[in-house]
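Note sheet for the following structure.
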Amino acid sequence: MEKLFLIPALNPDKSLTELINQIINKFEVLNDKKNQYLILIINDGSYSESSIKILKDINLINNVHVINNSNNLGKGAALKIGIKFAKDNNFKYVITADADGQHLSDDIIKVSKAVEEKSDFFVLGIREFDEKVPLRSKIGNVLTRFIFNIILRKRIFDTQTGLRAFSEKYYELLISLPEKKYDFELSSLIAVARIGDFYQIPIKTIYEPGNPTSFFRPFKDSSIIYFVFIRYLGIVPLLVILEVFLITIFNNIIGYSIAFLIARLLSLIIYFLSMKQLVFRVEGSIKKQSGYFIILATFNILIFEVFLINLSITSNLLFIFYYMFIHSFLLLLNFYIQNKFIFKD
């Protein structure tokens, strides 16, 4: 078959049945015989009696199949079960959608057509975040979109969308991700951003009052995209304080110039090990990584040579101010270079 429409569901209501019938009707109207399809519902441990009955009835519909998880494994685990099903059964494309009525059948079909034309791309259905969107969903998307764009240099307008489509090119990558809950959706975007690109098409925004069916936790779930940056921000200031402390101690004994070099050498060794083991947590060739790191460190030292050593500063307080200011200026640049080139996966 060509297309697998993958819908994870936990205690669905009748809106899921309506969505399935609408998708089927769309295909009957199109009368496109070559685009054979299956709608796969992953029942992720539903316990509501009414939902269990709905799922049993759905399983009797032609072109629909239901896989039942005995326990709630999480949305990510449910999606990976569906993607593995697509891989094992030779589906060319997977189209994921939510079971809570947030996606129109017209938009689902539109995204499914787009992935045929853009099979190398990871297709996203992008909602418009206007005044009708609940505040917590808007905040969550703004946070993740901003950090995603800064760190991974990919401009995505809706990082929370559940309406996605992708070809078999991405199956192995997505199945291999360790995340099992809602963090899988953001993790998949991060993984795809490293090897591919996105094709984004607008879709209609639909929310139930107060968005009660959404399990998205804007601050907790958003953290996956910048947890590396958070560790970086936590460690770098400590290393800066350490270096200032060493310079202050050695300056009273051997003079500033030598004190600066000794303090910088010691802090660089600690810095490199901290970045490799604690912040980016990557393996790779330490010889290659240290080589690139030395180049970056040399650049930083030259910056300090120009902006600090050649300045006539008599006040210790003013010196510390300039020192901290330049460190802050280089903070984002150093993170980007290390994340993109030195300690990349």
Residues being modelled with pLDDT of 85 or more and over 17 Å from PHE304 (Cα atoms): count how many of those fall in the stretch 246-270.
-> 2
Being over 23 Å from ASP88 (Cα atoms), touching a residue at least 60 places away in the same chain (Cβ under 8 Å) and of a type in the set (Val, Ile, Thr), is that true of even one residue in the stretch 41-61?
-> no
Counting only residues that are within 28 Å of THR205 (Cβ to Cβ) and either hydroxyl-bearing (Ser, Thr, Tyr) or over 22 Å from the mean Cα position of the chain (by Cα) (or both), which one in the stretch 67-99 is surrounded by the most Cβ atoms within 10 Å (Cβ to Cβ)?
-> THR96
Options GLY82, GLY45; residue that is among the small types (Gly, Ala, Ser), out of contact with any Asp or Glu (no Cβ under 9 Å at 6 or more places or on another chain), modelled with pLDDT of 95 or more and assigned by TED's automatic domain parsing to the domain that holds ASP107 | GLY82
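Given the criteria modelled with pLDDT of 75 or more, assigned by TED's automatic domain parsing to the domain that holds GLY74 and acidic (Asp, Glu), does ASP183 qualify?
When the stated conditions are applied, ASP183 passes them.
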Does ASN251 count as closer than 14 Å to PHE335 by Cβ, surrounded by 15 or more Cβ atoms within 10 Å (Cβ to Cβ) and polar (S, T, N, Q)?
-> no
Considering each of ILE235, ILE326 in turn, give the residue that is at pLDDT 80 or above, β-branched (Val, Ile, Thr), assigned to a helix (DSSP H, G or I) and surrounded by 15 or more Cβ atoms within 10 Å (Cβ to Cβ).
-> ILE235
Does LYS110 satisfy being surrounded by 17 or more Cβ atoms within 10 Å (Cβ to Cβ) and out of contact with any Lys or Arg (no Cβ under 8 Å at 6 or more places or on another chain)?
-> yes
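The values are calculated or read from the model by the stated rules, or taken from the named source; none is laboratory data. This structure is a prediction, so every number in the text was calculated from the model and none was measured. Note that each Cβ is placed from the backbone with ideal geometry, even for glycine, and that neighbours are counted across all protein chains shown.
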